[in-house]
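Notes follow once the structure below has been shown.
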Amino acid sequence: MASIPTHENSWADQWDYNPDPLPASVTKKSSAGGSAKAKYGKKVEEGFGKTKAVAANGMAKVKVGARFGLHWIKDKFHKTTGKQ
């Protein structure tokens with residue numbers, strides 16, 4: 001069995017026609033309008049607040065549903081085994 005020479009392109013390199021991405025130091029540019037945090041920070045914070053509220057509401061529903069489901073299973077078990 002022949003080994004693959006390391007100087008040849010890999011399968012992904014042979015079929016990838018897009019240029020490789022530039023390093024982070026080359027792509028980073030300073031903006032004249034201020035930092036992104038100053039521009040979008042408040043909107044992001046509002047979005048996190050909404051997300052937190054939705055997640056809390058969803059978890060409360062899951063908690064209630066799980067509680068009722070476990071009580072239903074417990075009741076079924078007690079009815080079938082004759083335990084009270």
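FYI, it's all coordinate maths here, none of it is from the lab. All values reported here derive from a predicted model rather than from experimental measurement. Every residue, glycine as well, gets a Cβ built from its backbone with ideal geometry; the counts of neighbours run over all protein chains shown.
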Candidate set from segment 36-49 (those that are among the basic types (Lys, Arg) and loosely packed, with under 10 Cβ neighbours inside 10 Å); member that is farthest from the chain's Cα centre (by Cα): LYS37
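Tell me which residues, restricted to segment 50-84, are of a type in the set (D, E, K, R) and either part of a helix (DSSP H, G or I) or under 24 Å from the mean Cα position of the chain (by Cα) (or both). Reasoning before the result, please.
Restricting attention to segment 50-84, the residues satisfying the condition of being of a type in the set (D, E, K, R) are 50, 52, 61, 63, 67, 74-76, 79, 83.
Those that are of a type in the set (D, E, K, R) and either part of a helix (DSSP H, G or I) or under 24 Å from the mean Cα position of the chain (by Cα) (or both): LYS50, LYS52, LYS61, LYS63, ARG67, LYS74, ASP75, LYS76, LYS79.
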